[in-house]
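One structure is given here, and the rest of the page talks about it.
The values are calculated or read from the model by the stated rules, or taken from the named source; none is laboratory data. None of the values given here were measured: they were computed from a predicted structure. Methodologically, a virtual Cβ is constructed for each residue, glycine included, from the backbone with ideal geometry; neighbour enumeration extends over all protein chains shown.
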Amino acid sequence: MENPQSIKRQLHEALELIAPLQQCSLLNYPNYPNLGDHLIWLGSLAYLHHELGTQISYTASSANFSASEMAACAGKAPILLLGGGSLGDLWYSHQKFRESIITRYRDRPIVILPQTMHFQDQSRLEKATKIFNDHPQLTIFVRDHISYDLAQSAFDCCQVLMAPDTAFYLTFLSDFPTALPQDKILYHCRTDVELSQQFSLDQLPLPVDISDWRPYEDGWLMGSHNSPLKQTLATLIREGWQRGLRRPREWRSLQQWNHSFRPDFLSAATHGSLRQTQSWSFIHSAIYQFRRYRLIITNRLHGHILATLLEIPHVFLPNSYHKNKAFYETWTADSPNCKFIADPNQIPLAVTALLNRKLTASN
């Protein structure tokens, strides 16, 4: 039976192949409100700090990356590129940044942390194949069996390995106390290009609350790291109004989170400390949102991962391509708190089974 701790061990066994790693740069910080990518970022920090003892000398988003600053802070240390679901052309700005780094820095090892691979345009795949295969020291971690087969076939001059998502290093998140769940079900639904139309908002056959990650619902302002003034104004509005006065109960819980639940790995990066603090603060929103419900239905991979970490019963739905299903089949198919459903008509049965199991376990 798979549980978060066993998946964490598999993550460590896979990623320890990049050791020793005394120092590195960690790139592609998610300066946007997708909380799943912040889980990935924090899981990467925690792993590098606790398992490898790595000093993270430089961090940057794609927007504020500076070659001269990285050289000054990290010299020719290996480069790690953040994992996620962007090894492909669906979210092409991330792929273009990745390719630019791999092209420019052929003089040092580069590691792509666990990714899902999916190209729709053959010409873009061919471009990536040439760039990746031309690099003499490129390691690519992928996080499901389909991506592994695709990457091995395309990137035959690279080291291709498989590992779970780095968010699974954050098994301690379930320790944080939050409000008792309401007697409600949440449909945690993304509505972007990864939405499977079979599971659109009007297709679920039972009453639910419907919401994406809270930052999308509330329109959090993020600002720009390239403009200190805009960054400061955005932070004041977001933290003072959007996360404060607008949601006072959640704000009080956030203060407890910030004051009494601050892990040591946030200091692992000697550069860009505000990024780590921001991501840690953001994750509170995800946990607070999920813990308010007795069951989650989600079409987001990190909705599934967070619910698994928090041991919340949940129904996991497909996205628009293989990402969700392949990850589930590779790592979490034996999780007792989850059922993957490909047919909307089967959702009520899955919900009933999960809630009955929870009731039986509590008696």
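Taking into account only those residues within the range 49-58 that are out of contact with any Cys (no Cβ under 6 Å at 6 or more places or on another chain) and part of a loop (DSSP other than H, G, I, E, B), which is surrounded by the most Cβ atoms within 10 Å (Cβ to Cβ)?
L52
Cβ-Cβ distance below 9 Å, separation of 6 or more or different chains: which pairs start in the range 228-247 with a residue that is assigned by TED's automatic domain parsing to the domain that holds N258 and closer than 17 Å to S61 by Cβ and end on one that is modelled with pLDDT under 95 and among the polar types (S, T, N, Q)?
Sorted first by the residue in the range 228-247, then by its partner, the pairs are K230/S224; Q231/S224; A234/S224; T235/Q278.
Could you check, for the range 273-282, whether at least one of its residues is within 23 Å of N34 (Cα to Cα), basic (K, R) and touching a His at 6+ places or on another chain (Cβ under 9 Å)?
yes
Which numbered condition in (1) loosely packed, with under 14 Cβ neighbours inside 10 Å; (2) more than 19 Å from H314 (Cα to Cα); (3) in contact with a Phe, Trp or Tyr (Cβ under 6 Å, 6 or more places away or on another chain) is the only one that L161 fails?
Checking L161 against (1) loosely packed, with under 14 Cβ neighbours inside 10 Å; (2) more than 19 Å from H314 (Cα to Cα); (3) in contact with a Phe, Trp or Tyr (Cβ under 6 Å, 6 or more places away or on another chain), the one that fails is (1).
Just for the range 132-147: of the residues that are within 22 Å of the chain's Cα centre (by Cα) and surrounded by 24 or more Cβ atoms within 10 Å (Cβ to Cβ), which one is farthest from T332 (Cα to Cα)?
I140
Okay, residues lined up against (1) farther than 25 Å from A163 by Cα; (2) in contact with a Gly (Cβ under 9 Å, 6 or more places away or on another chain); (3) not assigned by TED's automatic domain parsing to the domain that holds Y187:
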{"site": "A286", "(1), (2), (3)": "no, yes, no"}
{"site": "F290", "(1), (2), (3)": "yes, yes, no"}
{"site": "R294", "(1), (2), (3)": "yes, no, no"}
{"site": "G303", "(1), (2), (3)": "no, yes, no"}
{"site": "L310", "(1), (2), (3)": "no, no, no"}
{"site": "Y328", "(1), (2), (3)": "no, no, no"}
{"site": "T352", "(1), (2), (3)": "yes, no, no"}
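At least 1 residues that are in the same structural domain as G83 (by TED's automatic domain parsing) in each: list the strands (runs of 3 or more DSSP E) lying fully within the range 129-216 that qualify.
Correct list: 138-142, 159-162.
In the range 2-48, what residues are more than 18 Å from the chain's Cα centre (by Cα), buried (at least 24 other Cβ atoms within 10 Å of the Cβ) and in a helix (DSSP H, G or I)?
none
Return yes or no: is S285 hydroxyl-bearing (S, T, Y) and modelled with pLDDT of 95 or more?
yes
How about the range 68-117: which of its residues are polar (S, T, N, Q) and either assigned to a strand (DSSP E or B) or closer than 19 Å to A167 by Cβ (or both)?
S86, Q115, T116
Considering only residues that are over 12 Å from L186 (Cβ atoms) and touching a strand residue (DSSP E or B) at 6+ places or on another chain (Cβ under 6 Å), look in the range 276-305 and name the one that is surrounded by the most Cβ atoms within 10 Å (Cβ to Cβ).
Among residues in the range 276-305 that are over 12 Å from L186 (Cβ atoms) and touching a strand residue (DSSP E or B) at 6+ places or on another chain (Cβ under 6 Å), the one surrounded by the most Cβ atoms within 10 Å (Cβ to Cβ) is H304.
Of the residues T116, T129, only one is more than 30 Å from Q5 (Cα to Cα), out of contact with any Pro (no Cβ under 8 Å at 6 or more places or on another chain) and at pLDDT 95 or above; which?
Of T116, T129, the one residue that is more than 30 Å from Q5 (Cα to Cα), out of contact with any Pro (no Cβ under 8 Å at 6 or more places or on another chain) and at pLDDT 95 or above is T129.
For the range 262-342, please list each of the helices (runs of 4 or more DSSP H) lying entirely inside it that holds at least 2 residues being free of Cβ contacts under 8 Å to residues at least 12 places away in the same chain.
Correct list: 273-291.
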